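Notes for the one structure printed next.
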Amino acid sequence: MKNLKKIIFPIFSLFLFYRTIELIGYLNSNSSNEFSILEIVTISFLLTLFITGIFAFIGFAYPTNRLLPESYYKIKNPKLLEYLYKILGLKYFRIILLITFWGIKKNRKKYFNGTKKGLTNFIYQTKQSEFGHLGAFFMILICSIMLLLNRFYLIVLIMTLLNIIGNVYPIILQRFHRIRIEKITNYNKDCEKKVKMY
């Protein structure tokens, strides 16, 4: 099954990449005032979904997080991250994720099964997820600039909002998870040191 994933998922990514180029080409061959509000919302949603899917599918098959240096994943300013988490209301975003997607036990177990080994897997999954959302964020940003030059202002606005909710929020959330894991592992190390002293 794993070998099949390594073939099928990249094909899905390529298909979504092709659909993204096709959709942007279609937009650029038309005027921005030729589309209804419903069409604008639909196109914005599809573009954001396609681009995010490109990185998601490839990340399901390969360890894409390794494309960035390990130093990127280290949290340099945890207080700033905790402040952003609080000010942007990520607590509520997390609750929505828990109620919807992560409410399914199978999905939760993929990330963390409650063991020490599971903690290592959880860290890996946060990095995979973060890389996927980061790649999608920048690709959506590039597409938005291209569309902005062609005066698709409303599409760019909607895509930007979707990009923040669908990619920036998850990036901060994954980094916040790693801060919490670091606190737990550091606490356990301190406890082990104290036990050895006695």
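The values are calculated or read from the model by the stated rules, or taken from the named source; none is laboratory data. Here the structure is a predicted model, which is why all the values come from computation and not from measurement. With ideal geometry, Cβ positions are generated from the backbone for all residues, glycine too; neighbour counts draw on all protein chains shown.
Brief remarks follow.
- With respect to being over 16 Å from Phe57 (Cβ atoms), under 21 Å from the mean Cα position of the chain (by Cα) and either surrounded by 12 or more Cβ atoms within 10 Å (Cβ to Cβ) or modelled with pLDDT of 95 or more (or both), Ser44 fits the description.
- Looking at the range 1-104, the helices (runs of 4 or more DSSP H) lying wholly inside it that each contain 2 or more residues that are touching a Ser or Thr at 6+ places or on another chain (Cβ under 8 Å) sit at 37-61.
- Residues within the range 16-61 that are touching a residue at least 40 places away in the same chain (Cβ under 8 Å) and touching a Lys or Arg at 6+ places or on another chain (Cβ under 7 Å), tallied: 3
Listed here are the residues, each with its yes/no results for (1) at pLDDT 95 or above; (2) of a type in the set (Phe, Trp, Tyr).
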site	(1), (2)
Leu97	no, no
Trp102	no, yes
Lys105	no, no
Lys109	no, no
Thr115	no, no
Ile123	no, no
Gln128	yes, no
Met139	yes, no
Leu157	yes, no
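- Scope the range 49-63; condition over 12 Å from the mean Cα position of the chain (by Cα) and surrounded by 19 or more Cβ atoms within 10 Å (Cβ to Cβ); matching residues: Phe50, Ile58, Ala61
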